[in-house]
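Before any comments, here is the structure.
The values are calculated or read from the model by the stated rules, or taken from the named source; none is laboratory data. Being a predicted model, the structure only gives us computed values, none of them experimental. Glycine gets a Cβ as well: all are built from the backbone with ideal geometry, and neighbour counts include every protein chain shown.
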Amino acid sequence: MACRGLAGGVVWRCGGACAGYTTLATVANVQPDPAAGPALTRDPDDDCVIHLARAHDADYIVSGDADLLEWNEQDPPVVPPAEFEARLSQS
């Protein structure tokens, strides 16, 4: 899974779109894949992101992935990059 990490309580995954987020990529603490856990979404790669977020008590998952955004449980909440950026600029 490309481009994943933890930065300030946030798990992010941006695939090939990381170029616009170089500051985040610079401060990220990239973690190894977590141990396999139960299926949570229809995509096993997304389950890995959720398990990573939960293992490290992330406050958010930042992703534009439709499967994650449509995930019913939303624990931790999943927000698209633009929304997350807006939240950061408000704080």
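Tabulated results
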item	result
Neighbours by Cβ (under 9 Å, 6+ apart or cross-chain): first from segment 21-46, over 28 Å from Ala86 (Cβ atoms); second hydroxyl-bearing (Ser, Thr, Tyr) and at pLDDT 60 or above	none
Extreme residue, modelled with the highest pLDDT, among residues of segment 68-91 that are in a helix (DSSP H, G or I) and buried (at least 16 other Cβ atoms within 10 Å of the Cβ)	Leu68
Search result, residues across segment 44-65 that are farther than 17 Å from Pro34 by Cβ and either buried (at least 21 other Cβ atoms within 10 Å of the Cβ) or modelled with pLDDT of 90 or more (or both)	Val62
